[in-house]
Structure formats: C-alpha cells, structure tokens
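K.L.:
The structure's right below; bear with me while I get my questions together.
The values are calculated or read from the model by the stated rules, or taken from the named source; none is laboratory data. Bear in mind that the values here come from a model prediction, so they are computed numbers and not experimental data. Don't worry about glycine lacking a Cβ; one is built from the backbone with ideal geometry, like all the others, and counts go over all protein chains shown. Heads up: the accessible areas ignore ligands, DNA and RNA and are worked out on the full protein's heavy atoms, side chains in. Shrake-Rupley method; radii C 1.70, N 1.55, O 1.52, S 1.80 Å.
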Amino acid sequence: ALGLLVVSPAFLVILMSINKLTAPVIQVKATKDKPNLELPEHCTHHVFVSHVWKTGQAKTHAIVRKLQLVIPALKVWLDVDELNDISKLEECVEESAVFILYYSRHYFESWNCRRELYAALALDKPMILVYEGDDSVIEGMKAECVLHCETDINKPGADIILRRLLGENHDNYILWLDEGQFSAASMNQLCLSI
C-alpha cells in the first residue's frame, strides 16, 4: 500500500505531462504560429472569467483549464487562482482585456457577479457569454437578469445588460457542449471569440 502512495503522485505527474504534450495547441492557420497574445498596456490578463460559485464553479474551472491547454500563454483571471481581495473585483476586471460570463442559474442573484458585470459594462469590455443547455436557459437568464438587475440603482438596467451579452440579433453567445467533437467546436468558437 505504501508503494502505491509513493508511485501515485509520480504517475499523476507523468499522466499530466503526456496530456499536455498531446493536447492540440491553437495556431494561426496561415502561418502555423502561435496567436498574438500581446496584452493591452493597462492589462495583466487576457480574460476575466465571471461565474457564480453555487452553480457554475466546477464547469467554469474545467473550461478554463481546457483553454489553458490549447492556448498555454493565455493569462486568465479566475477566482481560485487570482482572488486575493474581494474588494478589488472591479480593478481585476479593468486589468483584463476580455470579459467572459459563464452563465448558470443564480448568476444574477450574486452581488459580486453583478459587480464584475457592471464593471465590464462601464469599461466597455468585449464580452463573451458562455452557457449550457437549450433556449430555455437563455430565457431563464433574461428573467433572472430582469429580476435582480433592475433593483440596482444607478447601474445599467437589464435591457442594456442583455443587449450587450446577447447582441442585437441574440446570436453573440456560445453554447458550451461537453461531448467529444462538440466540445472541440465549442472550444474553437470560444478561442476565436477571445
């Protein structure tokens, strides 16, 4: 039993290394080079990923780890890796080039999630909405946004928020699919959006 305990961590390191070596890495099709990931002057991260812990934490973290496999140089602000002081959420959003909102139920109930979203709106950050499910999830998101965002005085209302998240034609969001080739298609769409 002791031998298994000693070998197990080494085995995990080897397995993770093989995974990293075999994972496809994003490259520019025409040149086969890595994408240009130059950060804007005032930014420390390429993306800020906003999610509600209650219903979105595990899925969001899995998506971020997949992103980091295919774009190893991508600097992602994710709470478990970067959050040192919750009072500086708005500053962290400001220091990120793109705002990704992973929507799951109860997102808009969270004051901290709304703080992050309001900061991204005020700073006119490019936004990417990622969600799982069917059209009923989007309808639920709209209702939840109206319910919780309309009560925040001096903040953008639900109409402004939804217009930015969904786009004028309601087609600016990414349906996350987690099955084989579908997952690859979702990841491709997310990488292109970033």
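K.L.:
Excluding residues on the same chain fewer than 8 positions from Lys88, give the aspartates and glutamates whose Cα lies under 19 Å from its Cα.
P.N.:
Asp79, Glu116, Asp124
K.L.:
While we're on this one: Within the range 92-119, list the residues whose amide N lies under 16 Å from a label point set 7 Å along Cα→Cβ of Glu179.
P.N.:
None, by backbone N distance to the label point.
K.L.:
Just by accessible area at a 1.4 angstrom probe, what is the order of Ile194, Ile100, Ile153 from largest to smallest?
P.N.:
So, going from the largest accessible area down, we get Ile153, Ile194, Ile100.
K.L.:
Need one number: nm distance between label points at Glu38 and Asp134, each 7 Å from Cα along Cα→Cβ, rounded to one decimal.
P.N.:
About 4.7 nm, to one decimal.
K.L.:
Continuing with the same structure: Please give the solvent-accessible surface of Glu132 in Å², to the nearest 10, using a probe radius of 1.4 Å with every protein chain present.
P.N.:
Counting only protein heavy atoms, the figure is 60 Å².
K.L.:
Same structure, new question: Would you work out if the range 60-127 is rounded, prolate or oblate? Take a ≥ b ≥ c from the square roots of the eigenvalues of the alpha-carbon gyration tensor; rounded if a/c is under 1.5, else prolate when a/b is larger than b/c, oblate otherwise.
P.N.:
Prolate, because a/c is 1.5 or more and a/b exceeds b/c.
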